[in-house]
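S.K.: Before I ask anything, let me first share the structure, which is written out below as structure tokens.
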Amino acid sequence: MYAQVLLLNGFEKPFWYKVPARLSTAMHEGCLVSVPLQKRYEAALVTNLFDALPAGTTFAIKEISDLGPFPGDQHYHAFVQTIARFYFLQPIYFYQRIRHFLKERHNVVQDVDVVPGAVVNNASYDTISLTDEQQAVVDYLSPLITTPRFAPTLLHGVTGSGKTEVYKRLIRDAIAQKKTALLMLPEVTLAMQFELLLKQQMPEVVIISFHSATKLTEKRELWQRLMKQEPFLIIGVHLPIVLPIANLGLIIIDEEHERGFQEKKHPKMNSKEIALWRAQRYGIPILLGSATPCLNSLYNVKYHGWRQFSITKRFAGVLPAIQKVILTQDKMRRKAFWVSRSLEAAIWDRLAKKEQIIIFLNRRGYSFFMQCKECGFIFQCPSCSVSLTLHIGAAPGSKSLLRCHYCDYHTPMPYACAGCKAPESALIKKGIGTQQVVQLFQELFPLAVIERADLDSTSKKRSWKKTVELFKAGKIDMLIGTQTITKGYHFPKVTLVGVLWADLNLHFPFYNAGEIALQQIIQVAGRAGRDCAGGKVIVQAVKDHPIFDYLDEQRYLTFCENEMVMREESFYPPFARLAMLEFKYTDVGQIDVDAQAVATALHQLNDQTGEHVTILGPAYPVVHRIQNYEIRHIVLKAATFKQLHQLLSAAQKVAIMSDMFIVSSQ
């Protein structure tokens, strides 16, 4: 028997090796082996097996040395082949990725210190009784762990409803059945918070994380447990779903609506999609939980047989009262444009009661951009097609900067217009960011202790850890931040949430902008009143918008029903499927020529194959240049993924595109 192998070191051409008799029964396509190459041994993936060598073979054939150490997951190679075909990748990519990550040291930049007790109030959580709504989910899924069956299940639970308690019961059931459970979250920091929480509340369960902040020793321990097929819980974001897990018995996806499951770098795979394919391939249950489930999941409940459960009441406390304020319609005189009289009065009331406040604005920095009122000049990044954001120096004597949030280019605050040389007094600040909000609120509420929580502040581990501890202890009155504070933290003394500029993200050219904006508002509103009655949320917007009629969590599904009708009429997901081709090149002229040539060829192929795919573009994305790379997009739209895939496969066969990556909508 002979094997054709690909080296995991990245060498593209295959090699031939003889399979020794002692390994013949264990050899199969997809297994890892160690092979001699020159004077060393290399890890390789077996891609094909043959009874004889090709006719005319003249080169000497060496023997495979041994099988590589790899978990005995019988479904793994077929699963990898499935996702590799979908994303136009070679299966070896996944083996290489795992191998590289197992040897890579953790990412210090993302190594965020988690804060004990910041996630949830842990008192008596191991002895609690589930509510009837929670128990119904456990009663349905537990038997499917014991007698495995693919069962995609959506759990819609309002914020603070105790979805984690359901997860814990199911994880314990899986471990009791000697099966490994997988818990996926959309962000590394959130995964780390969950890891701490579950280790505190389930000390009897072995829990190991697998993400960019995981230490090398933990990765090695995880791999050894996979090799021995020992039951444990794996927590992560993207990578866990492509691990070989022979005894996988349960997959849980929390915050399933989040875009964080879509990888940002090529190949832009969607971990939630891959998790669903894996659960189907392995024949196991998968639970997707959220307070604001995405339309795609609700569509699958309605049309594709998913089971849905709802938890309508909070585990502790009650849902907060919601008040909408449209700033352009609010005629009451106020001290600052961004702070309505209603919000100001509510803050004073909470401060007097020694309660805490969260103010949310999804924009960091001091202001969006700076513009000259004399000539209209706007300061822009020299490498990206975005304006520079003003960041005021935090420490006394520190310089203010104009900064790019894409490439981190920065320059000192200018003293004159770069266009017409008008003086600094002619430079006006447009929009508002978290830095400016902190300054504004410090002026309005001088006796309050106020801190900031955005990417600029939370990336500093020690200071952010101290901030969370002080806020938890009640020594900070008000926390002002971005989406960093919308999920993962439980602050029982927060009774008021203010949302500034709630319509900020509604005007981007995305078909799902309304869905994303409403989900974000509901998530941050859910921080209020989690342990008490009397919580309140004040949502401020510059202009009114239909989504503001659905701010109450209990009306979210009504929004989804109405949005579903609009999506069907306009033929957008979940009623259509999208694929995006992305072109990146430093030559502005050449990228347009190449993108247009591909678009033309795709139109011709589409006519020939009759796939009925709509081809849009090439077009400029919202940000069309990053770090001096020009970017163009072609978007394909069809009724099914099969139509998209067949057109792209045909394009690849005739060499229109050599390398291709799909960004898909589930």
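Just so you know, all these numbers are worked out from the coordinates, no wet-lab data involved. The structure presented is a predicted model; accordingly, all values stated were derived computationally and were not measured. All Cβ positions, even for glycine, are placed from backbone atoms using ideal geometry, and neighbour counts span all protein chains on display.
S.K.: If I model a spin label at THR609 and ALA418 as a point 7 Å from the Cα along the Cα→Cβ vector, what separation in nanometres do I get?
M.R.: Here the answer is 4.4 nm between the modelled labels.
S.K.: Any idea what angle helix 163-176 forms with the longest principal axis of the chain, computed on alpha-carbon atoms, 0 to 90 degrees, nearest 10?
M.R.: Long axis of 163-176 versus the principal axis of the chain: about 20 degrees.
S.K.: Another one. With 10 Å bins from zero, work out the P(r) of the range 108-311 over every alpha carbon pair and list the percent per bin.
M.R.: P(r) for the range 108-311, in whole percents per bin: 8, 37, 40, 14, 1.
S.K.: If you wrap the range 577-653's Cα atoms in a convex hull and average its projection over all directions, what's the area in nm²?
M.R.: Orientation-averaged projected area of the Cα hull: 5.0 nm².
S.K.: If amide H atoms are built 1.01 Å from N in the plane of the peptide, which residues on other chains or at least 5 residues away come under 5 Å of the amide H of SER65?
M.R.: Result for SER65 returns SER34, VAL35.
S.K.: What is the extension gain from SER383 to THR82, computed as 0.36 nm multiplied by their sequence separation minus the C-alpha to C-alpha distance, in nm to one decimal?
M.R.: Stretched fully, the SER383-THR82 segment lengthens by 104.5 nm.
S.K.: Just need the relative contact order of the range 108-311 here, percent rounded to a whole number, with Cα pairs under 8 Å and 6+ apart.
M.R.: 32 percent
S.K.: Arranged by the count of other C-beta atoms within 10 angstrom, fewest first, what order do SER385, SER161, SER425, SER340 take?
M.R.: SER425, SER385, SER340, SER161
S.K.: May I ask you to derive the relative contact order of the chain, considering only C-alpha pairs under 8 Å and at least 6 residues apart, and to give it as an integer percent?
M.R.: Reported as a whole number, the value is 13 percent.
S.K.: For ASP587 and CYS375, what does the FRET efficiency come to when R0 = 35 Å and r is the distance between their Cβ atoms, rounded to the nearest 0.05?
M.R.: 0.70
S.K.: What length, rounded to one decimal in nm, is gained on full extension from ARG40 through to GLN596, with 0.36 nm per residue of separation minus their alpha-carbon distance?
M.R.: Result: 195.5 nm gained on full extension.
S.K.: Report the Rg/Rh value for the chain, based on alpha-carbon coordinates and the Kirkwood definition of Rh.
M.R.: 0.99
S.K.: For the pair PHE11/MET566, report the inter-label distance in nm, with labels modelled 7 Å from Cα in the Cβ direction.
M.R.: It is 5.7 nm.
S.K.: Run the simple label-point estimate for LEU196 and VAL301 please: 7 Å along Cα→C-beta, distance reported in nm.
M.R.: 3.2 nm
S.K.: Enter the angle in degrees (range 0 to 90, nearest 10) between the Cα long axis of helix 92-103 and the first principal axis of the Cα atoms of the chain, meaning the one along which they spread out most.
M.R.: The helix 92-103 is inclined about 60 degrees to the chain.
S.K.: Hey, another quick one. Residues with amide H under 5 Å of ILE480's amide H, sequence separation 5 or more or different chain, H placed in the peptide plane at 1.01 Å from N; which?
M.R.: ILE359, GLU451, ARG452, ALA453
S.K.: Separate question: How many angstrom lie between the Cα centre of the range 592-632 and the Cα centre of the range 169-212?
M.R.: Comparing the Cα centres of the range 592-632 and the range 169-212, I get a distance of 42 Å.
S.K.: Report the calculated FRET efficiency for LEU470 and ALA136 (r = Cβ-Cβ distance, R0 = 51 Å), to the nearest 0.05.
M.R.: According to the calculation, E is roughly 0.80.
S.K.: If the cut-off is a Cα-Cα distance under 12 Å, which aspartates and glutamates reach LYS642, setting aside same-chain residues fewer than 8 apart in sequence?
M.R.: Cross-link targets: GLU611.
S.K.: Given R₀ = 30 Å, FRET efficiency for ASP549-ARG149 by Cβ-Cβ distance, to 0.05?
M.R.: 0.15
S.K.: Quick one: length gained pulling ASN48 to VAL318 fully straight, 0.36 nm per residue minus the C-alpha distance?
M.R.: Extra length from ASN48 to VAL318 when fully extended: 91.2 nm.
S.K.: Please compute, for the alpha-carbon atoms of the range 367-431, the extent along each of the three principal axes and give them in descending order in Å.
M.R.: Over the range 367-431, Cα extents along the principal axes are 30, 30, 19 Å.
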